[in-house]
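The values are calculated or read from the model by the stated rules, or taken from the named source; none is laboratory data. Computed from a prediction, not measured in an experiment: that's the story for all the values here. Every residue, glycine as well, gets a Cβ built from its backbone with ideal geometry; the counts of neighbours run over all protein chains shown.
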Ligand SMILES: NC(=O)c1ccc[n+]([C@@H]2O[C@H](COP(=O)([O-])OP(=O)(O)OC[C@H]3O[C@@H](n4cnc5c(N)ncnc54)[C@H](OP(=O)(O)O)[C@@H]3O)[C@@H](O)[C@H]2O)c1
């Protein structure tokens, strides 16, 4: 099942597989390949990367590029491959941010690691307050003109910058089609304007961390399982995130949604996708079975508005 991304002609699958964590040199190429293949076979034809995904930075692109070139190159026209630049990637003054220097070098490095001639979507990974926004956007427009990317995306931009960005790219005939934002039952800030403005400016929203990195599941209710993101020492999800209060609320969510046939993760996924602005939910996965479960969640009946409201109340204040 696919949805049109904003006002563009590009259709995206409801789920995109993201390779942020658990796709670096800490996992085997076979493990990466098993998840990419599982996703593709289930209709997830979009893959979300960034230059700095690893560890170490660059490893996710290199692994994906190796696997893709060996097993999937015949399918290049059937998939959307996105990557990003804008977070710290290499040392020195040009390895981070939104300067033309950084973005131009970034796309070339990514294409080499990915072993591709072009990516489908090239994102500016974050707004850079130290660079004039037009400088970053002109670099993105030139990357599209050079044939290194088909579409432009922005990530984590404030709503007030989106209209300016859209006007900039429209004037230059360059398709800015997607805005990537963190959005989940635990992180609802985008409802205060980002979702609406993205849609009003013709951009689809790619929602990431819709499972709050795995917190919105049964995964941590009985402790910290081996192989989980917390157990693997991620800097982004630590034992400190597993507060008794949060775990209590997640257990309450499990008890609320289970009689209707949902796991916590399935419900959290459907909750994020309920908003019409969301073109795709970018999911992470450490195992193929998680991808299968998340795809299966799409076939469950739509939760009722009452169930959504009851679930939301569990996480208020
Ligand atoms: N633009 C940006 O700045 C930005 C920032 C962050 C992420 N992203 C993108 O969004 C993608 C997803 O981010 P994320 O990994 O935080 O997303 P997420 O989907 O919220 O979390 C993924 C984790 O949830 C767990 N999980 C997945 N399916 C599950 C299931 N059915 N049941 C139980 N647990 C399940 C797994 O944890 P375990 O690993 O513990 O098994 C998995 O690694 C990234 O890969 C990246 O592409 C973009």
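Please specify each residue of the range 255-274 satisfying the condition of being crowded, with 17+ Cβ neighbours inside 10 Å and farther than 17 Å from residue 208 by Cα.
Going through the range 255-274, the residues crowded, with 17+ Cβ neighbours inside 10 Å turn out to be 256-257, 262-273.
The answer is 256, 257, 262, 263.
If I filter the range 142-152 down to residues being in contact with a helix residue (DSSP H, G or I) (Cβ under 7 Å, 6 or more places away or on another chain) and crowded, with 20+ Cβ neighbours inside 10 Å, which single residue comes out as nearest to residue 105 (Cα to Cα)? The selected residue is 143.
Taking the range 274-312, which residues are outside any loop (DSSP other than H, G, I, E, B), within 8 Å of the ligand (Cβ to nearest atom) and touching a helix residue (DSSP H, G or I) at 6+ places or on another chain (Cβ under 7 Å)?
281, 283, 291, 293, 294, 297
Residue 26 satisfies every condition listed in (1) within 16 Å of the ligand (Cβ to nearest atom); (2) at pLDDT 95 or above; (3) touching a helix residue (DSSP H, G or I) at 6+ places or on another chain (Cβ under 9 Å) except (2). Filtering the range 53-78 to residues that are within 16 Å of the ligand (Cβ to nearest atom), in a loop (DSSP other than H, G, I, E, B) and in contact with a helix residue (DSSP H, G or I) (Cβ under 9 Å, 6 or more places away or on another chain) leaves 53, 54, 58.
Results for (1) within 19 Å of the chain's Cα centre (by Cα); (2) under 17 Å from residue 126 (Cβ atoms); (3) modelled with pLDDT under 95, shown as yes or no for each residue.
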site: 75; (1), (2), (3): no, no, no
site: 80; (1), (2), (3): yes, no, no
site: 86; (1), (2), (3): yes, yes, no
site: 95; (1), (2), (3): no, yes, no
site: 102; (1), (2), (3): no, yes, no
site: 115; (1), (2), (3): no, no, no
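Taking the criterion of being buried (at least 23 other Cβ atoms within 10 Å of the Cβ), in a helix (DSSP H, G or I), free of Cβ contacts under 8 Å to residues at least 40 places away in the same chain and touching a helix residue (DSSP H, G or I) at 6+ places or on another chain (Cβ under 8 Å), would at least one residue in the range 29-46 satisfy it? Yes: the range 29-46 contains one or more residues that are buried (at least 23 other Cβ atoms within 10 Å of the Cβ), in a helix (DSSP H, G or I), free of Cβ contacts under 8 Å to residues at least 40 places away in the same chain and touching a helix residue (DSSP H, G or I) at 6+ places or on another chain (Cβ under 8 Å).
Kindly check whether there is at least one residue in the range 137-150 that is modelled with pLDDT of 95 or more and near the ligand (Cβ under 8 Å from one of its atoms). No: zero hits.
If we keep just the residues of the range 210-265 that are in a loop (DSSP other than H, G, I, E, B) and more than 12 Å from the ligand (Cβ to nearest atom), which is nearest to residue 19 (Cα to Cα)?
Quick first cut of the range 210-265, residues in a loop (DSSP other than H, G, I, E, B) only: 210-211, 215-238, 242-243, 261-263.
Next, only the ones that are more than 12 Å from the ligand (Cβ to nearest atom) stay: 222-223, 235, 238, 243, 261.
Numbers: 222: 26, 223: 25, 235: 16, 238: 19, 243: 26, 261: 29 Å.
If we take residues in the range 210-265 being in a loop (DSSP other than H, G, I, E, B) and more than 12 Å from the ligand (Cβ to nearest atom), then 235 is nearest to residue 19 (Cα to Cα).
Contact annotation: residue pairs with Cβ atoms under 7 Å, 6 or more positions apart or on different chains, pairing a residue in the range 228-248 that is more than 23 Å from residue 311 (Cα to Cα) with a partner that is away from the ligand (no atom under 12 Å from the Cβ) and assigned to a loop (DSSP other than H, G, I, E, B), are 230/238. Selection over the range 98-125 of residues that are in contact with a strand residue (DSSP E or B) (Cβ under 7 Å, 6 or more places away or on another chain) and at positive phi gives a count of 0.
Which is surrounded by 15 or more Cβ atoms within 10 Å (Cβ to Cβ) and over 24 Å from residue 49 (Cβ atoms), of 176, 162, 211, 186?
Going through 176, 162, 211, 186 in turn, just one is surrounded by 15 or more Cβ atoms within 10 Å (Cβ to Cβ) and over 24 Å from residue 49 (Cβ atoms): 186.
Residue selection: residue 181 satisfies the criterion of being within 15 Å of the ligand (Cβ to nearest atom) and either surrounded by fewer than 21 Cβ atoms within 10 Å (Cβ to Cβ) or within 19 Å of residue 125 (Cα to Cα) (or both).
In summary, residue 95 fulfils each of the numbered conditions (1) under 30 Å from residue 166 (Cβ atoms); (2) surrounded by 18 or more Cβ atoms within 10 Å (Cβ to Cβ); (3) in contact (Cβ under 8 Å) with a residue 24 or more places away in the chain with the single exception of condition (3).
All of (1) more than 22 Å from residue 237 (Cβ to Cβ); (2) within 15 Å of the ligand (Cβ to nearest atom); (3) under 16 Å from the mean Cα position of the chain (by Cα) hold for residue 38 with one exception: (3).
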